[in-house]
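To keep things clear, I will list the structure first and then write my remarks on it.
The values are calculated or read from the model by the stated rules, or taken from the named source; none is laboratory data. Bear in mind the structure is a predicted one, so any value in this text is a computation, not a measurement. Methodologically, a virtual Cβ is constructed for each residue, glycine included, from the backbone with ideal geometry; neighbour enumeration extends over all protein chains shown. To get the accessible areas, we keep the full protein, side chains included, count just its heavy atoms, and leave off ligands, DNA and RNA. Shrake-Rupley method; radii C 1.70, N 1.55, O 1.52, S 1.80 Å.
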Amino acid sequence: MKHRIKHFSEENSIESAEIIKKLTFLNTEDGLKQCLNDADFYLDIVRTFVEDNAIEDLKKFYYGNDWSGYRVKVHSLKSSSAYIGAEELREKAKRMEEAAKKQDVEYINLHHHQLLVLYEDVLRNIDALLPKWKNHTGTSTIKHFTISVVDDSKLNRQVVSEVLSDVYNIVEAGSGLEFFQQLDSGIRPDLVLLDVHMPMEDGHDIIKKLKADDKYVNIPVVFMTIDNDLSTELQGFEEGAVDFITKPLNPSLLLARINRILDLYYLQSNLQEEIKVRTKAILDKSQQMSTMLDQIIQALANTIDAKDKYTKGHSDRVSKYSVMLAKHMGYSEDQQQKVRYAGLLHDIGKIGIPDEIINKPAKLSPDEFAVIKSHSAIGGDILKTITSVREVFEAARWHHEHYDGTGYPDGLKARDIPEVARIICVADAYDAMTSIRPYRHEAFNQYEVRSEIEKELGKQFDPFIGNCMLQIIAEDTDFKLHE
Ligand SMILES: [Fe+2]
């Protein structure tokens, strides 16, 4: 680098200082300090920064999911940005380097495009201020896009090249064969300018082949044609062309058109990518929340069951039987999930009942029994604020209501009792009958359970739901229901 400094004359140095004043988007003070306050040297570094444009490399590593390559590139971008005083870019590159180190693909996906935009802005701003820094052929050093020009007319290709090569990398092909050979050799154009009429493969054949290949299907294709008849254009659009340019080509129109197409096309595909990434992030988040909700409810159910040593696992089992009933009754998956939660939490009011009453091995006194019965009202109070899944409140408050109106706490009757509570009522009784309780040392056998349920149809149980339970029991020939 040093040898270049010697070539600057005194006059150059004054000019350099003037240029540096205009680089307001850089922290030139810092940059100059890094270069021992040598203005020419600093500008030399800035120039190298532009020449070492790594946008294509970043894209290549990003699309190839090569995070170690990506990390190396953002690392050197971080260092070079620091040298020239591009602070925002340095910060962004630093965060991307950290993300690449951790292989945090979600973060990289969300910020890669922003990094490129920021990087391109810095390059463009520098380039705009320093016209004399164009290279020997007079072309800009910043070329973000590659355009393939496929045309059998050498003259046409030359015109396109002449007009576009200042801004874009141009790759010429005189035939479809040559074009596909270029693709095979690894050239990946951002846009294809395609002549319609060519010997051998014509434009229609070529676009069909491109669109049939997953690797190339997303490359925008613009037809160049001398036909301005509607049917050719319609056919082209049907084949997937994004636009038409009519020959003979008007240079300024051509450049404006191509700029606009690329802007629109890549803005749109970035947006689509952005939407995809964000949708995935939201879905992941919502999956995570729903798993957490499941775990919290399960933990609450475990808390309820831990309180009552005689009914261990009761909430889990009631939840399981309730879901079987709901499924039998034709509930959707979503509704079944609500019933599951309702089953797990239906006895939550037991938390408010003293341990010595719940776990009393002897027969309860009428007063003690009244305290036990208050668990459904207490449960309702605990869950009444949960309005998003109303079923959990309904089940907790009304699972001891009887179909004939003789239950508690409100003496509701028949369909006035919410359906979920009527389901839990049957599942709850089934579990009580098939478990060992302090007042009963043996569980009912299947025959006794059936006759007990039949006896209570229309009394304790909703007859329809009770019958569903009977059917489920009848189908359970291996008696696996209560394991
Ligand atoms: Fe209960």
Kindly provide the set of residues from the stretch 1-44 that are of a type in the set (Val, Ile, Thr) and modelled with pLDDT under 80, ordered by number.
ILE5, ILE14
For the stretch 214-258, give me each residue that is at positive phi and open to solvent by 60 Å² or more (accessible area, probe 1.4 Å).
none
Check whether at least one residue in the stretch 278-293 is at pLDDT below 90 and open to solvent by less than 40 Å² (accessible area, probe 1.4 Å), and report yes or no.
yes
Do we have GLU88 as under 26 Å from TYR266 (Cα atoms), open to solvent by 50 Å² or more (accessible area, probe 1.4 Å) and in the same structural domain as PHE49 (by TED's automatic domain parsing) here?
yes
Answer residue from the stretch 194-213, given it is open to solvent by 70 Å² or more (accessible area, probe 1.4 Å) and under 37 Å from the mean Cα position of the chain (by Cα) and is farthest from GLY176 (Cα to Cα) among those
ALA212
Here the residues within the stretch 102-117 that are open to solvent by less than 40 Å² (accessible area, probe 1.4 Å) and under 16 Å from LEU267 (Cβ atoms) are HIS112, LEU116
Report those helices (runs of 4 or more DSSP H) wholly inside the stretch 326-431 carrying at least 2 residues which are open to solvent by less than 10 Å² (accessible area, probe 1.4 Å) and within 14 Å of the ligand (Cβ to nearest atom).
333-345, 375-383, 390-398
Among the residues of the stretch 295-315, is there at least one that is free of Cβ contacts under 8 Å to residues at least 60 places away in the same chain, within 14 Å of the ligand (Cβ to nearest atom), farther than 29 Å from ILE473 by Cβ and not in a helix (DSSP H, G or I)?
no
Starting from the stretch 50-76, take each residue that is over 27 Å from LEU129 (Cβ atoms) and list its partners that are in a loop (DSSP other than H, G, I, E, B), counting only C-beta distances under 8 angstrom and pairs at least six apart or across chains.
LYS60/ASP66; TRP67/GLN103
